[in-house]
Structures are given as C-alpha cells and as structure tokens.
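S.K.: Structure incoming, see below.
The values are calculated or read from the model by the stated rules, or taken from the named source; none is laboratory data. No experiment lies behind these values; they were computed from the predicted model shown. Neighbour counts run over all protein chains shown; Cβ positions are idealised from the backbone, glycine included. Surface areas here come from the heavy atoms of the whole protein model, side chains and all, with no ligands, DNA or RNA. Shrake-Rupley method; radii C 1.70, N 1.55, O 1.52, S 1.80 Å.
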Amino acid sequence: MCGIAGIMEFNKEVDASELRLMGSRLSLRGPDAEGFFTEGGIGLCHRRLSIIDLDTGDQPMYSDDGRQVLVYNGEIYNFQEIRDELIRKGCIFSTRSDTEVLLQGYKHYGIEGILQKAEGMFAFALYDKHSQTLYLARDKFGEKPLYYYPGSDRLLFGSELKSIISGVPEKKIDIKALNFFLTLSYIPAPYTIYQEVRKLEPGHYLKVRKDGSTEKSRYYDLLSHLSGKPLLNDFGDASDTLERLLHESVSSRMVSDVPLGAFLSGGIDSSIISAIMARHSSEPVRCFTIGFTEKEYDESDRARMVAQHIGALHTVHYLDYGDVTDDIEAIIDYFDEPFGDSSALPGFYVAKLAAEHVKVVLTGDCADELFGGYEKYLALYYTQKFQKMPPVLRSLIRTAVQMIPHNRWTNALLRRVKKVMQNESEDYFDMHYRYMSLAFRDEERKELMVAGHYSDVKEDIRKIYFSHPQGGELEKGFYTDLNVVLEGDMLVKMDRMCMRNSLEARVPFLDSKIVETAFRMPTEFKIKGRNKKYILKKTFGKLLPEKTLGLRKKGFGVPVDYWFKGPLYEDLINTLSEENLARHQLLNIQYINELVRQHKSGKANHKEKLWCLYVFQKWYNKHIA
C-alpha cells in the first residue's frame, strides 16, 4: 500500500520542489520510502508502505529498456499467475514485485489488456516516454482512490486530495457534489467537493497526451461480464462455488512479507473472513475489535465468541467519548472533503489498534452489497406487512410513533418503523433511493438549501439503478449499491482510516470472480423471508459459533445522537452558528436551528443530518473560509 502523485505540464518543465511537496502530504500512506521521476514536463512521485518484496520493490520503477516508468499504489493478487504467463512469453524479471508485472504486462498486452487481467486493488500512473502519454488507472471496484485536476496547461493527480489541491488555482464548491453529500452523506465518483477536481471512476483509465488532450475509457463493466453467463440456479452448486472462491480469495490476500491480521467486528462478514484465515494459517490469527461503553452499540461479546471459537489472538479496545474528543477534528479532516459516515470514528480506532501489531488486515467489507446484508433490502417486505394491517391499526401506530420520544431504548425501533411508514406509497426504486438518502431526503434538502443551490441527484442514481436491465428490483438495488455506496462510502472510509494509521486493508469479498458469482445467484439465495445473507450463513455457518448466526446486525455505528445532546452539544451549536453559516450562505439557518431543537428535546433523532452539517461546516471553516 502506498501513495502516488504527479504532474504533467503541457507547456513547461515540472517544478521538482512542487512534486516533492505533493509527496510529503502522502507520508502516512507511505512512511517507509519515497521516490521521484522528473523528465521535462512529466513528474511522478511515490510514497511506499513496504508489504511485499521489501528489498527490491522501490518505485518509480522503469521498464527494462527505460521507455516506461510506473508509480503504483495497491496489490495485484494474481501477479504470480500473470508473471508466469509472461515468463513463458520470454520476459525476464529482475524483482519479485507485482509492480514489475504491471510494467511488463503493459508492454505485452497494452493498457487495457493488463488492466483486464489484473485482479486486485490499485491506482497507478504509467508514463510511456516513446508516445509521451500518461495513463492513470483505477481498480475494478474502487478500493484505491485516484484524484486528478485537468487544468488547461497542466494535469495534477494524487491518491488523496491533499496532495494536489494546493496546485489548483481557483477552488469553488461543486454544488452538485454538495447536494450528493447532503443526500447520501458522501460524494461519489466522479465528483469531489471542488468543481475543478475529479475522482477517476472504478474500472476506468485516463489517457493524457503531451498536447493536453485526454480520453477516459472503461475497461471493466460488471454487466458485460455477466452477459451470456447462466444463472447459478442450484443452491448446492452456488454454495460450493462461493466457498471455493472465498477460500481462494482469502488465501491470495494473506500473501505478505510483514505481519497481518483481521478486523473482527462481531458481524457475520468479518467473522467468516477471520475463520477462513484461521484455516489457512499455521499460527493463530490476530483479530482486532472496537467495543463501546454504550451497550446498544457494542458487539465485542460476539467478536470475542468468534475469536475463541477459531483460536484467534484477540485484542479489544473499548471506545468512549473521552477517547474521541482529541481526535475528532483530525479524523474528519483527513478525508479532505466532507464525509458524513460517522462510523469512520471507530474505523480510525480499530485501524490504530491493529497498526500497533500488524501492517496488513483483511476485512469483511462488500458482503452486504453482494449478499443482501442491509436492512433496506427488506424495505418491501416490511412495507407490504404494514400495508396489510387494518387501517385503524396503521393509524394507531402512526399516532403512537409521533408521541414516543427518541432515547437509547426506543431509537432503533422508532427509526425502523418511521422509515417503513415514510416509504409506504413508494415504488421500489423510490424506496431504495430513500434508504440511500442517509442524510436529507429531497423534500428536506429543498428546505435546507438556500434558493438557487438545490440540485437534483435522484436522476443520477436512477440512471445507475435502471442500467441493470435484466435484474429484478433487488438485483438493481444491489448493483446500485455496489457502484455508489461501496465506492463512495465504504471503501473510502476503510482506505482513509487505515492509511491514516499506515495500515493496508484488503477485501476478500471484492474479488471480481466472487462479485460476478454473486450477481449470477437468484436473490432468494441471498434473502429468504427476513433472513439476510442466507447463502453466506448456510455455506460458512459451520466455521462459526451457532449462536452468532441468528444475532441481529448492529452495524459499526457510534452514539453521535447522545453526544450531540451532551458532550458535543456546545461544539455543534458553535460550529453551526449563524456567523459560520453566513460565510457561505448555502444553508437555511432557521431550518438547521429547528433540527437541533428537535434533536435536543428527543422529538426526533437527527443524528445523520446534524453530523453531515457539522462535518461540512468543519471542512468549510478550515479549507474555504
């Protein structure tokens, strides 16, 4: 795992001191070594976190004839397979690194050819001196980030916004991106909070020529790979295939020349990964868990049960508000743009805990999107149950829900019931979109935004949802979440919080063979009645304590709702003061004050809304004001 950055000047030579400054801002991504390449108008920088081939894997790396140079962040898990194929074609390798495999693969297969063969997580920049062309590429599903600024006289790129933003001459807020953030709680690719800067989308590469012309291409499309392949209609065959592929994926992601472990939340996904690791390891697996003093958020007992069952070396840290106070602004700021998923807070602490013992962790991310793990996938089920109730009973429930205050005993149930009632008359897309809208619904955002700043984002989501023409409603939802939620939220959170602690995270469920297999399964293999992730439990339940399979998922949440009524209340109202909001005149102060009042009184739980507003204003105060 590393950080990369670079400059392509179209009319002058690169300033080497600017390149070094860009690299220095990525020091946490790559604390072990740094390297630079400058030649005329091209400059490449690499910061290294050494994981594999510790002695000969330094970058930038040059092709054997010196005509290509590469800086690369990530891991290619099937590099040995590609390397063997290239050796049979006559290639001679001087290192054991996957970096050299990318270089040699480019020379023999071309840019699209090597990208289609590579299985892994990566972002890279490859400069071909012969054609004076720069290629920027990002992995199939977006595990590794890549930002770029396409200026009129230069192009800047980097693994994080912080590495390039000082080189952007004019920084304006992208209003469409802000609307995405205030809806989803994050900003999906290709948008960033800045008008001038873009994220390269997963499965894409950008070709930049010396004259400044650019061409963006998509090299991986899940639906194209699914086209023509039969459904896995036999449950036994689907289960056997999934079991084999996940064992292979975990095994390939355990290759490391440094100590590795696993995040173990107590949920089924991370438990499965940890249990498979134990099967493939000759030593006890190191597992790391964050617990909470607020018991309704705590899953550490489940994690401990799993750890004991698989014979893991288990380390738990219990998080309390006192731990967070000193770090909260630094955690928010590390994302470089507004990011409103508050589970980044425990994500930071579990990464910090793991980094004290290992340099690589495996995680259970992506199983929810592939196998139906989110509560929103049961929205239609619950809505239909509610609609079948007698009208009098529905009316009584609506009245009761409005009267019951939100507190630590009622929060979870009230939030679920209110969502069902809100979605009662929606079609499935509208229902799914509302569940994706973790912060403000469209009608709420119209009240929140000052006139002229509201922008529609629903149609962007609709376009992705209906681009899966053969899928049923649930498959369309899974596909949308894979392309939007996973890339914009889950993978961003994991990457930044691990990199903030110089820790590499790997995601076995995100192997393209597993993703494609999951999308070939009927939805009833994934969700059976109210039983989510059914095939995962049936396939891998034998590896886990039976008691853990029936426990309700709590998620990796934090008690922000309580903090905003207590220890964070003063900071919340100071951050969202009229003076601060007047600096940008984007948001309605009266509407925000009412949200704070309702939350403080217990009339409603607005923790996601308030957290997003708090995060945005913190970002604005530091980076724009």
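S.K.: On a 0 to 90° scale, report how tilted helix 589-601 is relative to the longest principal axis of the chain, with both axes built from alpha carbons and the result rounded to the nearest 10.
M.R.: 60 degrees
S.K.: If the chain between Gln598 and Asp301 were fully stretched, how many nm would it gain, using 0.36 nm times the residue separation less the Cα-Cα distance? Let's see the in-between values first.
M.R.: On the way: separation 297, 0.36 × 297 = 106.92 nm, distance 3.37 nm.
Fully extending the segment from Gln598 to Asp301 adds 103.5 nm.
S.K.: Report, to the nearest whole %, how much of the accessible area of the chain belongs to carbon and sulfur atoms, 1.4 Å probe, protein only. Intermediate values should be presented prior to the final figure.
M.R.: Working: 11770 of 24080 Å².
Summing carbon and sulfur atoms, their accessible area is 49 percent of the total for the chain.
S.K.: How many nm separate the modelled label positions at Lys172 and Lys528, each set 7 Å beyond the Cα in the direction of the Cβ?
M.R.: 5.6 nm
S.K.: What distance in nm lies between label points placed 7 Å from Cα along the C-beta direction at Tyr62 and Thr95?
M.R.: With each label placed 7 Å out from Cα toward Cβ, I get 1.3 nm.
S.K.: Here's a follow-up. Pop the C-beta distance of Tyr591 and His225 into the FRET formula with R0 = 41 Å and round what comes out to the nearest 0.05.
M.R.: Values: r = 45 Å, r/R0 = 1.10.
FRET efficiency, Tyr591 to His225: 0.35.
S.K.: Looking only at the stretch 206-221, which residues have a backbone nitrogen under 15 Å from a spot 7 Å from the Cα of Asn11 in the C-beta direction?
M.R.: From the stretch 206-221, the list is 211-213.
S.K.: In percent, what relative contact order does the chain have, based on Cα pairs under 8 Å that are 6 or more apart in sequence? Before the final figure, lay out each step's value.
M.R.: Details: 1097 pairs, mean separation 97.9, N = 625.
Dividing the mean separation by the residue count of the chain yields 16 percent.
S.K.: For the stretch 540-595, with every protein chain kept in place, what is the accessible area per residue (1.4 Å probe, Å²)?
M.R.: Working: 2770 Å² over 56 residues.
Value for the stretch 540-595: 50 Å² per residue.
S.K.: With a 1.4 Å probe and every protein chain left in place, work out the accessible area per residue of the stretch 192-321 in Å², rounded to a whole number. Each step should come with its number before you reach the end.
M.R.: Details: 5480 Å² over 130 residues.
Here the per-residue accessible area is 42 Å².
S.K.: Now, a different point. In square angstrom, what is the accessible area per residue of the stretch 1-92 with a 1.4 angstrom probe? Mind dumping the intermediate values first?
M.R.: On the way: 3790 Å² over 92 residues.
Solvent-accessible surface per residue comes out at 41 Å².
S.K.: Magnitude of the Cβ-charge dipole of the stretch 263-379, K/R +1 and D/E -1, about the Cα centre, nearest 20 debye? Can you show the working numbers first?
M.R.: Numbers: 8 positive and 21 negative charges, 166 e Å.
So the magnitude is around 800 debye.
S.K.: Taking R0 as 22 Å, what FRET efficiency do you get between Arg552 and Thr293 from their Cβ-Cβ distance, rounded to the nearest 0.05? Walk me through the numbers before you get to the answer.
M.R.: Details: r = 20 Å, r/R0 = 0.91.
For Arg552 and Thr293, the calculated efficiency is 0.65.
S.K.: Could you sort 258-267, 147-156 so that the peptide with the highest average Cβ count within 10 Å comes first and the rest follow in order? List each step's numbers first, then the result.
M.R.: Working: 258-267: 24.0, 147-156: 18.6.
Those peptides, ordered most packed to least, come out 258-267, 147-156.
S.K.: Here's a follow-up. Tell me the label only: which of (1) 24.8, 90; (2) 24.2, 80; (3) 29.0, 86 is Rg and Dmax of the Cα atoms in Å as calculated from this structure?
M.R.: (2)
S.K.: Quote the accessible area belonging to Leu21 in square angstrom, nearest 10, computed with a 1.4 Å probe and with ligands, DNA and RNA left uncounted.
M.R.: The accessible area comes out at roughly 80 Å².
S.K.: Can you tell me how the stretch 119-186 classifies by the Cα gyration tensor, rounded, prolate or oblate, using a/c under 1.5 as the rounded cut? Provide the component values of the computation, followed by the final result.
M.R.: On the way: a/c = 2.71, a/b = 1.31, b/c = 2.07.
Oblate is the answer for the stretch 119-186, as a/c is 1.5 or above yet b/c matches or exceeds a/b.
S.K.: Between Thr133 and Ile624, take the C-beta separation as r, use R0 = 25 Å, and let me know the FRET efficiency to the nearest 0.05. Don't jump to the answer; show the numbers that get you there.
M.R.: Working: r = 35 Å, r/R0 = 1.40.
The value I calculate is 0.10.
S.K.: Now for a separate question. In a shell of Cβ-Cβ distance under 11 Å around Gly43, excluding Gly43 itself, what net charge do Lys and Arg (+1) and Asp and Glu (-1) give? Mind showing how you got there, number by number?
M.R.: On the way: positive: Arg20, Arg154; negative: Glu9, Glu13, Asp15, Glu18, Glu39.
Here the charged neighbours net out to -3.
S.K.: Roughly what would the spin-label model give for Ser256 and Ser213, points 7 Å off Cα along C-beta, in nm?
M.R.: Between Ser256 and Ser213, the simple spin-label model gives 4.5 nm.
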